[in-house]
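**Student:** One structure is given below, represented as structure tokens, and several questions about it will come after.
Throughout, read-outs are computed from the coordinates displayed, never taken from laboratory work. Worth saying up front: this structure is predicted, and the values here are computed from it rather than measured. So basically every Cβ, Gly included, is an ideal-geometry build from the backbone, and we count neighbours across all protein chains shown.
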Amino acid sequence: MKYFNKLIVVITALLATHALGNLPNIVLINADDLGYGDLSCYGAEKVSTPRIDALAAEGRRFTDAHSTSAVCSPSRYGLFTGQYPLRKNFWGPAGLKAPLTIDLSDLTISGILDEAGYETACIGKWHLGFGVDEPDWNGDLKPGPLEVGFDYYYGIPSVNSGPPFVYVENHRVVGLDPNDPFEYQVESITKKMPEKSGYKGIGGAEAAHRLYVDELIGTTLAQKAAHWIEQQSSETPFFLYLATTNIHHPFTPAPQFVGTSECGPYGDFIHELDWMVGQVLDALDKIGATDNTLVIFTSDNGGMLHVTGQNAWEAGHRLNGPLLGYKFGAWEGGHRVPFIAKWPGKIPANSTSDQLISQIDLLATFAAIIERPIEADRDIDSINQLETLVGNPDRPLRNTMVITPNSPMHLSIRHGDWVYIPKQGSGGFQGAAPGNHLLAGGPALHFAGRAHSDYAYGSLRADAPPAQLYNLDADPYQTNNVYERYPEIVQGLERALDGYRAKIPDTQRIGWINLRQPPVEK
């Protein structure tokens, strides 16, 4: 009955879709912590990504594309809902006990495509919580992906560096034995990450845990995604959201990729990611769906300079290319990400776009593709960027963008070429050593040897301005803070930022954040 109902919806939609022809299949691949400089088609020299490079050669590569947050969970929230995470007071990763962070009344990209008759699947990292109050790891994990528009889910519920270290299929943990339930405890994450001794997690469920092998996650998810594609009918459009754990730490490539790059396990993990993309593209070819499929490849936030990735840095690999900053922060390296789109016959091949685009725009853009109007009373920050994907607009379709780092105090705004950050620093990594997650200490590693007007020898100058203003046209790598030179621009952007601060609800903040910071003034 479900198939019949979807077929009726699809036939109706096809009759209504004139400009674009038949409804396309959509494949959205969202990598984890992949930086702007982590692909050879974006300038990396110590790794080789031929399948992703070919995707760019056959489609369009964007140079000014951004994740909706510089942090994993709020970034995914914004991508799915088309809403800035600030509307949810969402700043950090969703924890082990986090309920579903998407409201069931929200529009989602999966929901509108499911509504339009698409078969939909989410495979890979979820990290948006389960349940109404908290997940029931020993029971049904609902609401979850299936309740926000997916017909099928298989993947890891959180992050590959944190518990519960299991797979979930639809509503249940794979391999769970009711005679060996999960138990909350100070648990065995310490054997995986010794620096996290005393981390509160979840234990028990040995059979389920044994199925989770770090080195096999990437190949498992790729095989699941390819198999799902191969089961699809040519009569019904489909939407696949593949969220990889590559290249989030720990860097654990499958044995066949070990030693294949010039920058250690970090680069090898990128090579595995490239292979995963190839598996998906090959599956599309196998069923003859390539010519009618929009493929988008991107990353949930910028690259993360982790202690176990230092061999890549020492080998000369620059994960965020020449950009300033890293994951979690408001500087460009935290949220400017690779973004590649291929759609044969619609997107010009071997093209590059410098138009400003955000992942938050995918909701409105997908809605435009299926000709679904978005209700005017919805609090949607997404804008339709279809013309940016397929054409060459004379002017930017997006001119203003909010930048959401881990620190609420560093909520920032981009308008045209201007970026305004209302505090000193990035609001992200500021530790004195690689992998230090604390938001305290010296910021030397942000700059990697490049000069910056606010800093001397890696330390903030005593006379540094209280906030930051950059012109990305004149200074794309944010080396020169011109806050004091343009007070009228600062005032205008501060007023605009106040309008967005007013949208932050008076609810408990979601996700790990710097608890030493005061609430955001509205």
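**Student:** If the limit is 27 Å between Cα atoms, which of Lys286/Lys342; Lys97/Lys342; Lys46/Lys327; Lys142/Lys327 go over it?
**Tutor:** Values: Lys286/Lys342 17 Å; Lys97/Lys342 38 Å; Lys46/Lys327 21 Å; Lys142/Lys327 30 Å.
Over 27 Å Cα-Cα: Lys97/Lys342; Lys142/Lys327.
**Student:** Percent relative contact order of the chain, based on C-alpha pairs within less than 8 angstrom and at least six residues apart?
**Tutor:** Values: 1221 pairs, mean separation 116.0, N = 522.
That works out to 22 percent.
**Student:** Next question, about the same structure. So how many Å³ per residue does the convex hull of the Cα atoms of the chain work out to?
**Tutor:** 144 Å³
**Student:** With each run of n ≥ 4 DSSP H residues scored as -39500 (n - 2.57), what mean residue ellipticity at 222 nm is computed for the chain after dividing by its residue count and rounding to the nearest 500 deg cm²/dmol?
**Tutor:** -7000 deg cm²/dmol
**Student:** If you average 1/r over all unlike Cα pairs in the stretch 99-147 and invert the result, what Kirkwood radius do you get in angstrom?
**Tutor:** Details: mean 1/r = 0.0862 Å⁻¹.
The answer is 11.6 Å.
**Student:** If we count other beta carbons within 10 Å of each Cβ, what is the order of Asp106, Asp285, Asp473, fewest first? Let's see the in-between values first.
**Tutor:** Details: Asp106 20, Asp285 13, Asp473 9.
Fewest to most other Cβ atoms nearby, the residues stand as Asp473, Asp285, Asp106.
**Student:** Starting from 0.36 nm per residue, how many nanometres of slack lie between Gln231 and Glu206 once their C-alpha separation is accounted for? Numbers along the way, then the final one.
**Tutor:** On the way: separation 25, 0.36 × 25 = 9.00 nm, distance 3.16 nm.
Length difference between fully extended and current span is 5.8 nm.
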